[in-house]
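Take a look at the structure set out below.
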Amino acid sequence: MRSVIDILDLSVEEIDELIATACDMIANPKKYSELCRGKKIATLFFEPSTRTRLSFESAMYELGGNVIGFSDAKNTSISKGETVADTARMISCYADIIAMRHPLEGAPLVASLNASIPVINAGDGGHAHPTQTLADLLTIYREKGRFNNLTVGFCGDLKYGRPVHSLIHALSRYMGIKIVLIAPDELVLPDYIKKEVIEKHGIPYVETDCLEDVLPELDILYMTRVQGERFDDQAEYERLKDCYVLNAEKLKMAKSDMSILHPLPRVDEINVDVDDDPRACYFKQAANGKQMRKALILKLLAEAENNKKEMREAFVPMEECCCNNMRCITKTERGLKPAAVQTENGLRCAYCESELK
């Protein structure tokens with residue numbers, strides 16, 4: 001069964017098709033208002049979410065479908081010890097498609113390997129968030145009219161920021177991209193993304209801890225929240241949470257047509273005095289996310305009816321070594337055998353992509 005766990009599960013051509021569908025939905029909403037009548041989406045949100053969960057739910061309602069699910073795992077059988085695999089099998093009896101958010105990296109992949117219906121990753125730990133990336137891409141397309149020849153700055157939490165990881169993967173497939181990474185030493189982009197995505201594709205990039213130094217050259221500034229929920233040391237979070245704050249004064253240094261994106265929610269990293277600036281696109285981004293989720297739901301349901309098979313990278317069984325990432329689903333899922341994928345730089349955990357020593 002075809003699922004979308006990572007943005008790379010979608011080809012460039014498929015993303016172009018989704019963007020075309022989303023743009024047509026914006027122009028002709030009534031055309032799509034009954035296409036999911038009789039269908040149900042299960043929104044399985046094992047950690048707090050407002051925008052993503054409501055976006056999926058409103059997307060399904062606007063397609064004429066229905067919604068079941070939960071927004072608090074405490075009220076489910078998971079609290080009794082049920083595995084992700086069994087939850088996915090059970091929900092497959094009740095719904096036609098699943099959107100899952102989970103704090104453990106790799107959980108939506110485990111669900112997709114056990115469900116008999118499509119699964120969409122709505123965010124797994126600090127790993128990936130493909131539908132946020134679809135929202136980002138539609139926003140960039142509508143603001144810039146292209147994906148090629150752009151200088152994109154990512155600022156803030158690049159270590160745990162799953163939208164950052166997914167968008168870098170997506171942009172690596174376009175020409176003329178330059179990436180600027182703006183973060184304190186403690187929150188820099190993981191090495192495997194630099195090596196296996198940015199450097200592998202020959203994308204020029206720079207790293208800095210100073211936003212003001214690079215702001216004038218950016219076509220797009222992607223701001224992120226420092227995520228307190230990902231820190232084991234709360235004191236470290238308190239020290240880093242306000243390391244970057246974008247305000248109207250700083251924007252005087254930026255291009256007049258620079259686009260400001262943010263996956264939301266924001267805390268203090270974008271001052272409210274930026275909201276009325278025509279370069280601020282983050283609320284448009286949220287609206288665009290609903291349209292791209294509508295397009296993706298339609299695509300996956302249509303493919304499910306046609307019994308289109310999913311092709312995933314081959315797993316390498318791991319006998320003696322195991323994943324050391326404490327946020328990996330392999331740490332809690334009973335009966336889940338560790339597995340790896342082979343990359344040019346060695347083995348990685350098949351579920352969370354952590355490097356295996």
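Table for the structure above
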quantity: For segment 170-181, Karplus couplings with θ = phi - 60° (6.51, -1.76, 1.60), whole Hz, Gly/Pro x; calculated: 5, 5, 5, 8, 10, 8, x, 7, 10, 10, 10, 9
quantity: Cβ-Cβ FRET estimate between MET253 and SER33, R0 fixed at 35 Å, reported to 0.05; calculated: 0.20
quantity: For peptides 154-163, 106-115, sequence by mean Cβ density within 10 Å, most packed first; calculated: 106-115, 154-163
quantity: Prolate/oblate/rounded call for segment 78-131, Cα gyration tensor, a/c under 1.5 rounded; calculated: oblate
quantity: Global geometry of segment 1-159, whether rounded, prolate or oblate, following the gyration tensor of its Cα atoms and the 1.5 cut on a/c; calculated: oblate
quantity: Cα-centre dipole for the chain with unit charges at Cβ (Lys and Arg positive, Asp and Glu negative), debye to 20; calculated: 1280
quantity: Calculated FRET value between ASN306 and MET90, using beta carbons and R₀ = 25 Å, to 0.05; calculated: 0.50
quantity: GNM top mover of ARG225, ARG293, ARG334 - the chain, alpha-carbon springs below 10 Å; calculated: ARG334
quantity: Options MET25, TYR192, VAL245, ranked by Cα towards positive dipole end of the chain, top entry (Cβ charges); calculated: MET25
quantity: Rounded to the nearest 10 Å², the accessible area of ILE19 at probe 1.4 Å; calculated: 10
quantity: Solvent exposure ordering (accessible area, 1.4 Å, most first) of SER3, SER71, SER58; calculated: SER71, SER58, SER3
quantity: Euclidean distance between Cα centres, segment 1-43 to segment 160-218, Å; calculated: 28
quantity: The chain - percent relative contact order, Cα under 8 Å, separation 6 or more; calculated: 18
quantity: Residue-by-residue Karplus 3J(HN,Hα) for segment 334-343, coefficients 6.51, -1.76, 1.60, Hz, glycine and proline x; calculated: 5, x, 8, 7, x, 8, 10, 10, 8, 10
quantity: Radius of gyration, Dmax [segment 125-212; alpha carbons; angstrom]; calculated: 12.3, 35
quantity: Förster radius 25 Å - calculated FRET efficiency between LEU347 and LYS200 (Cβ-Cβ, nearest 0.05); calculated: 0.90
quantity: Accessible surface of segment 48-156 [probe 1.4 Å, protein heavy atoms]: carbon and sulfur percent; calculated: 46
quantity: Nearest-20 debye value, segment 49-144 charge dipole, Cβ charges on Lys, Arg, Asp, Glu; calculated: 100
quantity: Cut-off under 5 Å, modelled amide H: who pairs with THR151 long-range; calculated: LYS178, ASP219, ILE220
quantity: The chain - mean residue ellipticity at 222 nm from DSSP helices (-39,500 (n - 2.57) per run, n ≥ 4, rounded to 500); calculated: -9000 deg cm²/dmol
quantity: For the chain, built as a Gaussian network whose Cα springs stay under 10 Å, the top-fluctuating residue of ILE41, ILE68, ILE260; calculated: ILE68
quantity: Within the chain, longest stretch clear of exposed GluC sites (Glu not before Pro) (DSSP loop, no more than 12 other Cβ within 10 Å); calculated: 35-312
quantity: For LEU347, distant residues with modelled amide H under 5 Å away; calculated: LEU356
quantity: Heavy-atom surface of segment 87-165, accessible at 1.4 Å and reported per residue (Å²); calculated: 23
quantity: Estimated translational D of the chain in µm²/s (Stokes, Kirkwood radius over Cα pairs; 37 °C; 0.692 mPa s); calculated: 157
quantity: Per-residue HN-Hα couplings for segment 37-49 [Karplus 6.51, -1.76, 1.60; θ = phi - 60°; Hz; x = Gly/Pro]; calculated: 4, x, 9, 10, 9, 9, 9, 9, 10, 8, 9, x, 7
quantity: Antiparallel %, DSSP beta bridges [both residues in the chain], to 5; calculated: 20
quantity: Extended-chain gain in nm, criterion 0.36 nm per residue less alpha-carbon gap, ASP16 and ALA287; calculated: 95.7 nm
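The values are calculated or read from the model by the stated rules, or taken from the named source; none is laboratory data. Keep in mind that what you see is a predicted model, and the values were worked out from it rather than measured. Cβ coordinates were reconstructed from backbone atoms using ideal geometry, including for glycine residues, and neighbour counts include every protein chain displayed. Areas reflect the complete protein model, heavy atoms only, side chains present, ligands, DNA and RNA absent. Shrake-Rupley method; radii C 1.70, N 1.55, O 1.52, S 1.80 Å.
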